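Participant: My structure is below; once you've seen it, I'll send some questions.
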Amino acid sequence: MIVLLIYVAIFVASFAVVKLVVHRSISDFTGRKTVTFGDESAVRPNRIASVVSILAIFLLWGAFTGSAWLPPLLHAPGPFIGDATFTYTAEADGTPPDDATVTIRVAPVGEEVAPPRVAPGDGWAKNDADSVGAWRSGLLRVDRNDDFGRDSGHRVVAVNGQPIRPGGEVMTEHGRVGMSPKGTLTFEPAKGWQMEPIWLPPPEAVLARLKEIATNGYRDSTLWEHLGYSLFRVIVGFLLGALVGIPLGYAMGLSDWFRGWFDPIVEFMRPVPPLALIPLVIIWAGIGEAGKIILLFLAALWIMAIAARSGVSGVKISKVHAAYSLGASKVQILRHVIIPNSLPDIFTGARVAMGVCWGTVVAAELVAAEKGAGMMIMVASKFQLTDIVIMGIILIGAIGFGIDMIMRFAERRLVPWKGRG
């Protein structure tokens, strides 16, 4: 929630600065248009907003992981590291209560440190020392070195002057002191706002892992082989889905018989997630490459069919009437009216289908895949190698974004009439 609020604050502040300061000194063609709201041609990506958006994501990522790429001033409060102390009050049968101090050395994750040396003190309750890692917790048997143990009724009744009982806790300056149901103290250092590296590593750790895998490979295959196999599966599955789905969509949009026959099938399969089809695909096609491509084919098929059908349905009837009045045949109407006017919807469906295929490839490569970005992510997740998981996600997203940019460019070149009636 804190991260979301900070992100919203960055968005609002950036919007205000760009709109009120930067754009006042810049005039362009769209700014002089009489009507801009609702005019698709007047809406262009704000490059400043794009740059700030990416920088904000990396800033939050680095700030909440303690990245070395950011100055400490920009870091979110991290976990406590150092020597933490608290005082406990113990009671024993037949003796007055006594106080003792516990010193705990909190070390960074992955480091082993020895407990600090402390003087035992003068009372029957002796001072204690222990060590624990950041983001971890540890049991404290404070009665082990006291003159009176549990056989003499030893029990801790207060921490830093605050009463405590089994199952309770006391918050100290450096962390939480709790008491187990059996009366044993536990200490959990303050975690701060930063994420533990096992859950979210800093950007430099992900980059270092990328360099390592790009150089040495992963599971007997190079990084480029993993990405190449995933890209090959996605493209083949998408192309097969488009080759079948687009003609099917045209048939459904032009023929009431095809519409009535295939509409229940398409509308039934459309909401079924591709992941639900994995068991059936394995039974039918096995665990080889064919099964993975069939799964991606099914992920793209229904989207492309609906996109083509929607494109045909969106053709203005006035254009069809005009073509008929000029003596055009059905083939000519299909070629010169229906197909050109449906291409914008088909390109939109293709971009959506490609995104779904990229999202499905991880699940497709979960089944007995030896190479692929999805396989790399799934294997790494089993060993909690979060840096590899994030690296794979970023690579899949970057490749998918690149493909989407190529499709947008092709759409602008091949369908320049989009949005112009």
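The values are calculated or read from the model by the stated rules, or taken from the named source; none is laboratory data. Here the structure is a predicted model, which is why all the values come from computation and not from measurement. Cβ sites come from the backbone with ideal geometry, for glycine too, and all protein chains shown count toward neighbours. The accessibility values were calculated without ligands, DNA or RNA, using every heavy atom of the protein model including side chains. Shrake-Rupley method; radii C 1.70, N 1.55, O 1.52, S 1.80 Å.
Participant: Within the range 83-110, can you find the residues that are charged (D, E, K, R), surrounded by fewer than 16 Cβ atoms within 10 Å (Cβ to Cβ) and closer than 17 Å to His174 by Cβ? Full working, then the answer.
Facilitator: From the range 83-110, those charged (D, E, K, R) are 83, 91, 93, 98-99, 105; that's our starting set.
If we keep only those that are surrounded by fewer than 16 Cβ atoms within 10 Å (Cβ to Cβ) too, we end up with 83, 93, 99.
Result: Asp83, single match.
Participant: Return yes when Val312 is surrounded by 20 or more Cβ atoms within 10 Å (Cβ to Cβ) and closer than 17 Å to Val415 by Cβ and no when it is not.
Facilitator: Numbers: surrounded by 20 or more Cβ atoms within 10 Å (Cβ to Cβ): yes; closer than 17 Å to Val415 by Cβ: yes.
Taking the combined requirement at face value, the residue satisfies it.
Participant: For Gly78, work out the one condition from (1) at pLDDT below 90; (2) of a type outside the set (Phe, Trp, Tyr); (3) surrounded by 12 or more Cβ atoms within 10 Å (Cβ to Cβ); (4) closer than 30 Å to Ala13 by Cα it doesn't fulfil.
Facilitator: (1)
Participant: Of all residues in the range 113-148, which are under 39 Å from the mean Cα position of the chain (by Cα) and more than 16 Å from Pro189 (Cα to Cα)? Spell out the reasoning first.
Facilitator: Initially, the range 113-148 is screened for residues under 39 Å from the mean Cα position of the chain (by Cα), giving 113-115, 130-140.
Of everything in the range 113-148, just one residue is under 39 Å from the mean Cα position of the chain (by Cα) and more than 16 Å from Pro189 (Cα to Cα), namely Ala114.
Participant: Follow-up question, since we're still on this one. Against the condition in contact (Cβ under 8 Å) with a residue 40 or more places away in the chain, touching a Lys or Arg at 6+ places or on another chain (Cβ under 9 Å) and not hydroxyl-bearing (Ser, Thr, Tyr), how does Val367 come out, does it pass?
Facilitator: Working: in contact (Cβ under 8 Å) with a residue 40 or more places away in the chain: yes; touching a Lys or Arg at 6+ places or on another chain (Cβ under 9 Å): yes; not hydroxyl-bearing (Ser, Thr, Tyr): yes.
Yes, satisfied.
Participant: Under the condition of being touching a strand residue (DSSP E or B) at 6+ places or on another chain (Cβ under 8 Å) and part of a loop (DSSP other than H, G, I, E, B), which residue from the range 177-187 is surrounded by the fewest Cβ atoms within 10 Å (Cβ to Cβ)?
Facilitator: Ser180
Participant: Continuing with the same structure: Find the residue count for the range 251-285, including only residues that are within 16 Å of Gly237 (Cα to Cα) and either open to solvent by less than 40 Å² (accessible area, probe 1.4 Å) or touching a Ser or Thr at 6+ places or on another chain (Cβ under 6 Å) (or both).
Facilitator: 5
Participant: Could you give me the residue pairs with C-beta distances under 6 Å whose first residue belongs to the range 203-218 and is farther than 13 Å from Gly392 by Cβ, whose second residue is open to solvent by less than 30 Å² (accessible area, probe 1.4 Å) and assigned to a helix (DSSP H, G or I) wherever it lies, and which are 6+ apart or on separate chains?
Facilitator: Here the result reads Pro203/Gly62; Ala205/Asp387, each pair linking the range 203-218 to a residue that is open to solvent by less than 30 Å² (accessible area, probe 1.4 Å) and assigned to a helix (DSSP H, G or I).
Participant: To continue, here is another question. Out of the range 135-176, which residues are open to solvent by 20 Å² or more (accessible area, probe 1.4 Å), closer than 18 Å to Asp98 by Cβ and among the acidic types (Asp, Glu)?
Facilitator: Answer for the range 135-176, where residues must be open to solvent by 20 Å² or more (accessible area, probe 1.4 Å), closer than 18 Å to Asp98 by Cβ and among the acidic types (Asp, Glu): Asp147, Asp151.
Participant: Of the residues Phe258, Phe297, Phe262, Phe268, only one is part of a helix (DSSP H, G or I), farther than 25 Å from Met354 by Cα and not aliphatic (A, V, I, L, M); which?
Facilitator: Numbers: Phe297 fails: farther than 25 Å from Met354 by Cα; Phe262 fails: farther than 25 Å from Met354 by Cα; Phe268 fails: farther than 25 Å from Met354 by Cα.
Going through Phe258, Phe297, Phe262, Phe268 in turn, just one is part of a helix (DSSP H, G or I), farther than 25 Å from Met354 by Cα and not aliphatic (A, V, I, L, M): Phe258.
Participant: Still on this structure, please answer the following. Which condition from (1) farther than 28 Å from Val352 by Cβ; (2) of a type in the set (Val, Ile, Thr); (3) open to solvent by 20 Å² or more (accessible area, probe 1.4 Å); (4) in a helix (DSSP H, G or I) is the one that Ile235 breaks?
Facilitator: It fails just one condition, (1).
Participant: Quick check: anything in the range 111-134 in a loop (DSSP other than H, G, I, E, B), surrounded by 14 or more Cβ atoms within 10 Å (Cβ to Cβ), touching a helix residue (DSSP H, G or I) at 6+ places or on another chain (Cβ under 9 Å) and in contact (Cβ under 8 Å) with a residue 40 or more places away in the chain?
Facilitator: Scanning the range 111-134 turns up no residue that is in a loop (DSSP other than H, G, I, E, B), surrounded by 14 or more Cβ atoms within 10 Å (Cβ to Cβ), touching a helix residue (DSSP H, G or I) at 6+ places or on another chain (Cβ under 9 Å) and in contact (Cβ under 8 Å) with a residue 40 or more places away in the chain.
Participant: Mind checking whether some residue in the range 49-56 is on the phi > 0 side of the Ramachandran plot and loosely packed, with under 12 Cβ neighbours inside 10 Å?
Facilitator: Initially, the range 49-56 is screened for residues on the phi > 0 side of the Ramachandran plot, giving none.
Looking through the range 49-56, none of the residues is on the phi > 0 side of the Ramachandran plot and loosely packed, with under 12 Cβ neighbours inside 10 Å.
Participant: Residue by residue through the range 362-410, note down the ones that are at pLDDT below 85, within 28 Å of Asp345 (Cα to Cα) and open to solvent by 30 Å² or more (accessible area, probe 1.4 Å).
Facilitator: Val362
Participant: Right, Ser329: touching a residue at least 12 places away in the same chain (Cβ under 8 Å) and over 17 Å from Gly237 (Cβ atoms) or not? Before the answer, list the steps.
Facilitator: Details: touching a residue at least 12 places away in the same chain (Cβ under 8 Å): no; over 17 Å from Gly237 (Cβ atoms): yes.
In short, no.
Participant: State whether one or more residues within the range 188-200 are among the basic types (Lys, Arg), open to solvent by 40 Å² or more (accessible area, probe 1.4 Å), farther than 16 Å from Met376 by Cβ and in a loop (DSSP other than H, G, I, E, B).
Facilitator: First, pick out the residues of the range 188-200 that are among the basic types (Lys, Arg): 191.
Applying the additional criterion that residues be open to solvent by 40 Å² or more (accessible area, probe 1.4 Å) yields 191.
Then keep just the ones that are farther than 16 Å from Met376 by Cβ; that gives 191.
Okay, now just the ones that are also in a loop (DSSP other than H, G, I, E, B), so 191.
Yes, there is a match, as at least one residue in the range 188-200 is among the basic types (Lys, Arg), open to solvent by 40 Å² or more (accessible area, probe 1.4 Å), farther than 16 Å from Met376 by Cβ and in a loop (DSSP other than H, G, I, E, B).
Participant: Looking only at the range 286-296, filter to residues that are in contact with a Lys or Arg (Cβ under 9 Å, 6 or more places away or on another chain) and not hydrophobic (A, V, I, L, M, F, W, C); which one of those is surrounded by the fewest Cβ atoms within 10 Å (Cβ to Cβ)?
Facilitator: Glu289
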